[in-house]
Structures are given as structure tokens and as C-alpha cells.
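Have a look at the structure below, then the notes.
All of the numbers you see were taken from the coordinates with simple rules; none came from a lab. Given the structure is predicted, the values throughout are model-derived calculations rather than measurements. Backbone-built Cβ (ideal geometry, glycine too); neighbour counts: all protein chains shown.
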Amino acid sequence: MTTVASPPSAPRATPRPKHRVRYIVAIAGCVGAVVAIIVLAVVLSENVVYFRTVSEAVHSRESEGTSRFRLAGGVVHDSIHPVRNGVDFEVTDGRQSVAVHHDGDAPALFKDRAPVVVEGHWASTARNAPFLSDRILIRHGADYEPPKVNTDKAPSS
């Protein structure tokens, strides 16, 4: 009776030290990329300013709270009243109107019935609380021309 010898077992496949370092670097790179994506998402989401029409903003006033967003509409005719530190006016989208207090100087093109986007937040969630703005954006047409300036040389003194 002859016994057949089994072939010698192959040694266990263990990665060589060079390969182990490659695996560790690859895993660390993937983990770093995931962390970077999460950090960027958090940072970018904090800088997002939502855009609302007047009706949308009034409807979501309670849920919006005092979060920052942009409010779009037209300046209500005869509603502009300069105050010591800015200007008070009303904005409408044709369905709802909102009182706005802007802190700072108004842009040169700011006037009655101008389409505007004001950036800021509600003073409170109360129904009649004004919108507190610190930035006014004015939309103007492509046919805007700067004011005429006298380009003649001024007389020397």
C-alpha cells in the first residue's frame, strides 16, 4: 500500500510591507476625501442665502424665523421714507406687501416701483414685524447709461 503524499501547502498570502503601505495610504486618502466633502458641504450650506417672493416669505415667516434670506418684489409707490440710519419702504409682489427697514445707504437706482431684492431677516416672527435689510440689489435693463459728465478740463487755479 502506497500512500500518496499531499503537495506541500502554499504559504499564507500576507502582503509584503511595500504593499501594506500602499493600502494604508489609499485608505487614508479615501477617508480624507470623505471628510473634505463633508466639511465643504457644511461650510457651503452656511453661506447659502435663500430667495423668496414676498408672498412666500410671509407664508413661511414662522418656520423661517430670523434666518437670513433674500426677499424679491417691487417698491410700493410713495412708500419710501428716509430715516436717520437708512430708509424705510414697502415691497410687494402684487399679492402681499411687507414693510422693509434698510440699514445703510440705498443704491443710486433705488426709486418708486423699482424691482428690488433685499437681503436680511425678519425682525421677529410677529405678523406685522418688518423685514430688516442690510443690502439692496436693483435690477436694471441692458439700456442703462451712466449720467453725462463734463469731461472738459477744469480751469487751473
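Could you compute the net charge surrounding Phe89? Neighbours are other residues with a C-beta less than 13 Å from the C-beta of Phe89; K and R count +1, D and E count -1.
Details: positive: Lys111, Arg113; negative: Asp78, Asp88, Glu90, Asp103, Asp112.
Charge balance in the 13 Å sphere: -3.
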Inset, instruction - Using the Karplus curve 6.51 cos²θ - 1.76 cosθ + 1.60 with θ = phi - 60°, work out ³J(HN,Hα) for each residue of segment 112-127 in order, rounded to whole Hz, and write x for Gly and Pro. - result: 3, 6, 6, x, 10, 10, 10, 10, x, 7, 5, 5, 7, 8, 4, 4
Legend entry - Other-chain or far-sequence residues with amide H under 5 Å of Gly86's (modelled H): Gly104
Legend entry - For segment 71-83, 3J(HN,Hα) per residue [Karplus equation, 6.51 cos²θ - 1.76 cosθ + 1.60, θ = phi - 60°, Hz, x = Gly/Pro]: 10, 10, x, x, 6, 5, 4, 6, 9, 7, 9, x, 10
